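The values are calculated or read from the model by the stated rules, or taken from the named source; none is laboratory data. Given the structure is predicted, the values throughout are model-derived calculations rather than measurements. Cβ atoms come from the backbone with ideal geometry, glycine included; neighbour counts cover every protein chain shown.
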Amino acid sequence: MNGRWKDMPCALAATRRTARLMTQFYDACMLEAGIEAAQFALLMALDAAQDTGQAALAQMLGMDKTTLSRNLKVLRDKGWVEAAVAKDARRRNVSLTAEGRARLREARPAWRKAGEELRKEMTEREWTAMWASLEAMNRAVAQAEERKGR
């Protein structure tokens, strides 16, 4: 990183840059598994959520509904997810297909390996601090949003 980056003390710019670098790293590590990091993360969220609505999924991921819909369409086109009308006909639940569960299972080793490679580049203290910082940032944003009435 060049010195000029440090002259821009902006939490948003720093986290967006880190997110892009992390995504590029995970994408490269998962290339052989035939899945992008963002697709894998969405499949993992769907696996954890177990047949949930798009609004709840968007909130869980901190993603706007339009972006989520666009990303889900790609996964639907690949046959990895399906949407079904919920009990409330105004809502659609999204879930993994058998093919989506298989893709998730096949890609997990590459995802784990990427995480392990990243972990090896950090000290225990840095790793722990990273998680604490991420939790603190999420909490701060949620509190600021709440204060603003959003």
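Computed quantities for the displayed model
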{"item": "Residue in segment 23-33 that is surrounded by the fewest Cβ atoms within 10 Å (Cβ to Cβ), counting only those that are closer than 22 Å to ASN138 by Cβ and in contact (Cβ under 8 Å) with a residue 60 or more places away in the chain", "result": "PHE25"}
{"item": "Whichever residue in segment 34-57 is surrounded by 18 or more Cβ atoms within 10 Å (Cβ to Cβ) and part of a helix (DSSP H, G or I) and, among such residues, is modelled with the lowest pLDDT", "result": "LEU57"}
{"item": "Options THR123, THR128; residue that is within 21 Å of the chain's Cα centre (by Cα) and at pLDDT 95 or above", "result": "THR128"}
{"item": "All positions within segment 68-95 that are within 21 Å of ASP27 (Cβ to Cβ) and assigned to a strand (DSSP E or B)", "result": "VAL81"}
{"item": "Members of segment 137-150 found to be exposed (fewer than 11 other Cβ atoms within 10 Å of the Cβ) and either closer than 17 Å to MET22 by Cβ or among the small types (Gly, Ala, Ser) (or both), listed by number", "result": "ALA144, GLY149"}
{"item": "Hits in segment 96-111 - residues which are part of a strand (DSSP E or B) and either surrounded by fewer than 16 Cβ atoms within 10 Å (Cβ to Cβ) or polar (S, T, N, Q) (or both)", "result": "none"}
{"item": "Filtered residues of segment 64-81 (kept if surrounded by fewer than 17 Cβ atoms within 10 Å (Cβ to Cβ), at pLDDT below 95 and not basic (Lys, Arg))", "result": "ASP64, THR66, THR67, SER69"}
{"item": "Within segment 117-133, considering residues that are within 14 Å of MET22 (Cβ to Cβ) and among the charged types (D, E, K, R), the one surrounded by the fewest Cβ atoms within 10 Å (Cβ to Cβ)", "result": "GLU121"}
